[in-house]
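Worksheet: the structure to be examined is printed underneath.
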Amino acid sequence: MNKTKENIYSESKVLKKEHLEKNLFYLSLCLFLIYVVLLINTAWIGDDAYITFRTIDNFVNGYGLRWNVVERVQSYTHPLWLFLLSAFYFFTKEIFFTSLIISITVSLASVLILAFKLTVARGNMVLVLFSVIFSKAFIDYSTSGLENPLTYLLLVLFACIYFSNKTAKTKIIFLSVLSSLVLINRMDTFLLLLPAYSYYIFKNKYYKNYYLIIIGFSPFIFWELFSLVYYGFPFPNTAYAKLNTGIDRSDLIIPGSKYFYSSFKLDPVTLIVLFLTTVLSTLKDNRKFFPFTIGIFFYLLYIIWIGGDFMSGRFFSTPFLVAVIILSKIKFNKSIESISFILIIVLIEVFSQKSYHLTKNTEIFLYGICDERLYYYPNTGLILNLTNKSYPNSWVYDGQNMKQMGAKFSKATSVGFMGFYSGPDCHILDILALNDPLLARLPSLNSWRVGHYKREIPDGYEETLKTGHNQIKNTNLAKYYDKIFFITRGDLWDWNRIREIWKINTGQYSYLLTNYLINKQ
């Protein structure tokens, strides 16, 4: 029987669609390879990562989860990332290449799952990969030594479970476990998932299965209990140092807003993708993704609230990824819609004239906000170190010289490289208070840069740290430090210590700090 014209047309249409799908898949593979090349080419590590690396080195070498080995202080914000790196560092005893290989592997896994597993259509693959490739923030913090790569993977896995067809009980447990791991990896990141997680639980009335939620969140609950007993506090010391500055909130909101401008100037694609995705999620067919958009909105408000950051783009890389996850699930009715989105991204990048994968012709500092990768790449770029073309880092030499001379005490503001290479025997007083339990609870000086809140060293405090005996001149502060000393250096299971932990966390000793500050004035 001869085929009718309608059948021939229909078959031709199917063949064209299959041909287009195949071409889009091959294009996606090419784009993924470009991402791999960019990732390796731009791989780097910053000074802040070495703050964590010092704790990892002490931990692996038997000194405990400590930055200065004499005191229990949580100087890192990402316990899960720390444990992942520690597991490999235990065998390699080398941190630079170890951390970069782990970062690259985890980032690649995240993008691979996002592009080839989570997307609803081949066109979405292309859109996702174009967005990722042209986002400076996402590329920059796919490495850096910080926790972002693991956050990427956890966010993508959360989305995979959220949009899956798993049974209710299984889904509740998996979503709760992943939320728990996100919290352990970096607490504030959970703001991105909280609306979606809450919406799913309350919409389906799964809160009745509260025991499953508790089971899922048990890793985070366990970590908090450990942190409270071991360190004496529920939050990282860095949180107290950066959120307890004494700076008026209105003075933080201004630099928080400038953080957006700085990022837009250096990396317009990231913020524009965030904006366009927000608009798309308000359309009728896309409103099921709106809980994720609310999470992005909460997180962006949080960025402004805390005053932004000094690392340009770092805080935008994770909400950007959530926006791309939304893009991966949106069903575009016509190919022209996704193509238009891609063209917008490309044109923005072309007209902004930013070659982010190069290490030149880019503004490093703007409003005290730094293009960290550009700043550190000459010292810590993966390719430069593999080819012996990297520049020496003076902080590394400072630390190595201190170790060779057997230095027992030092104070500094940039303590990452120096702290790691100075070894465990040198006690370092961090003037920015990230690693110091007393200074983190004192207000910062009037002259500050976002993320760098210097503290005045109280009279007698240096002598106290050098000798181990309290020589702080102010009576109220001396009494307060006695409590800190007992909590961070006392016998772990001393019942009196547990009691002091309760008192200091419930504010029963805050009057000592208040009196100290009043006397200073």
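One table, with the values for the structure above:
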| read-out | value |
| --- | --- |
| Relative contact order of the stretch 393-463, pairs being alpha-carbon contacts under 8 Å that are 6 or more residues apart, as % | 24 percent |
| Taking the C-alpha atoms of the stretch 108-155, convex hull volume expressed per residue in Å³ | 62 Å³ |
| Cα centre as origin, Lys/Arg/Asp/Glu Cβ charges: the stretch 361-437 dipole, Debye | 240 debye |
| Cα long-axis angle, helix 510-520 against the chain (0 to 90 degrees, to the nearest 10) | 70 degrees |
| Accessible-area composition of the stretch 98-227, carbon plus sulfur, in percent [1.4 Å probe] | 72 percent |
| D (Stokes-Einstein, µm²/s), Kirkwood Cα radius, the stretch 211-254, 1.002 mPa s at 20 °C | 169 µm²/s |
| In Hz, Karplus ³J(HN,Hα) per residue of the stretch 387-396 (6.51, -1.76, 1.60; θ = phi - 60°; x = Gly, Pro) | 9, 6, 10, 6, 8, x, 9, 5, 5, 5 |
| Whole-Hz couplings from phi, Karplus 6.51/-1.76/1.60, listed for the stretch 412-420; x for Gly and Pro | 6, 9, 9, 10, x, 4, 4, x, 5 |
| Scaled radius of gyration (Cα, divided by 2.2 N^0.38 Å) that the stretch 73-202 gives | 1.12 |
| Value of relative contact order over the stretch 131-262, rounded to a whole percent, pairs C-alpha under 8 Å and six or more apart | 19 percent |
| Tail beyond 17 Å, pair distance distribution of the stretch 31-96 (Cα, percent) | 48 percent |
| P(r) of the stretch 417-508 over all Cα-Cα pairs, binned every 5 Å from zero, in whole percent | 2, 12, 19, 22, 21, 16, 7, 2, 0 |
| Over 20 Å between alpha carbons, listed pairs 265/331; 169/208; 171/205 | 265/331 |
| Per-residue HN-Hα couplings for the stretch 238-253 [Karplus 6.51, -1.76, 1.60; θ = phi - 60°; Hz; x = Gly/Pro] | 4, 5, 5, 5, 9, 9, 10, 8, x, 7, 4, 4, 5, 6, 8, 5 |
| Rough spin-label spacing in nm, given labels placed 7 Å along Cα→Cβ, for residue 260 and residue 225 | 4.2 nm |
| Contact order normalised by residue count of the chain, Cα under 8 Å, 6+ apart, percent | 19 percent |
| 5 angstrom amide H check on residue 370, placed H, neighbours 5+ away | 311, 312 |
| Simple label model, 7 Å out from Cα along Cβ direction - residue 298 to residue 117, nm | 2.5 nm |
| Percentage, to the nearest whole number, of Cα pairs in the stretch 168-317 over 23 Å apart | 50 percent |
| Distance from the stretch 466-483 to the stretch 393-434 (C-alpha centre basis), Å | 24 Å |
| By average C-beta atoms within 10 angstrom, highest first, the peptides 266-279, 303-316 | 303-316, 266-279 |
| Whether the stretch 375-468 is rounded, prolate or oblate, judged on the alpha carbon gyration tensor where a/c under 1.5 counts as rounded | oblate |
| The chain - accessible surface per residue (Å², probe 1.4 Å) | 46 Å² |
| Cα long-axis angle, helix 218-230 against the chain (0 to 90 degrees, to the nearest 10) | 20 degrees |
| Counting DSSP beta bridges with both ends in the chain, the antiparallel % (nearest 5) | 35 percent |
| Per-residue SASA entry for residue 94, accessible area with 1.4 Å probe, Å² rounded to 10 | 60 Å² |
| About the Cα centre, charge dipole magnitude for the stretch 390-506 (Lys/Arg +1, Asp/Glu -1 at Cβ), debye | 240 debye |
| Computed helical MRE - 222 nm, the chain, DSSP H runs ≥ 4 contributing -39500 (n - 2.57), nearest 500 | -20000 deg cm²/dmol |
| Given charges at Cβ of Lys, Arg, Asp, Glu: the chain dipole, positive-most of 468, 37, 326 | 326 |
| Among 313, 62, 511 - extreme Cα towards positive end, dipole of the chain, charges at beta-carbon | 313 |
| q = 0.10, 0.15, 0.17 Å⁻¹, the stretch 155-236: log10 I(q)/I(0) [Debye, one scatterer per Cα] | -0.25, -0.53, -0.67 |
| Selection of chymotrypsin sites (Phe, Trp or Tyr not before Pro), the stretch 423-521, meeting DSSP coil and at most 11 other Cβ within 10 Å | 493 |
| Accessible-area order (highest first, 1.4 angstrom probe) of the listed residues 370, 160, 30 | 30, 160, 370 |
| Long-range HN-HN contacts of residue 449 with modeled amide H, under 5 Å | 454 |
| Test item: Cα-centred dipole of the chain, Lys/Arg +1 and Asp/Glu -1 on Cβ, debye | 1600 debye |
| Between helix 495-505 and the chain: long-axis angle, C-alpha atoms, 0 to 90°, nearest 10 | 60 degrees |
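The values are calculated or read from the model by the stated rules, or taken from the named source; none is laboratory data. Remember, it's a predicted structure, so these values are computed and weren't measured experimentally. Positions of Cβ are generated from backbone atoms using ideal geometry, with glycine treated the same way; all protein chains shown enter the neighbour counts. Note: areas computed on protein heavy atoms with side chains; ligands, DNA, RNA excluded. Shrake-Rupley method; radii C 1.70, N 1.55, O 1.52, S 1.80 Å.
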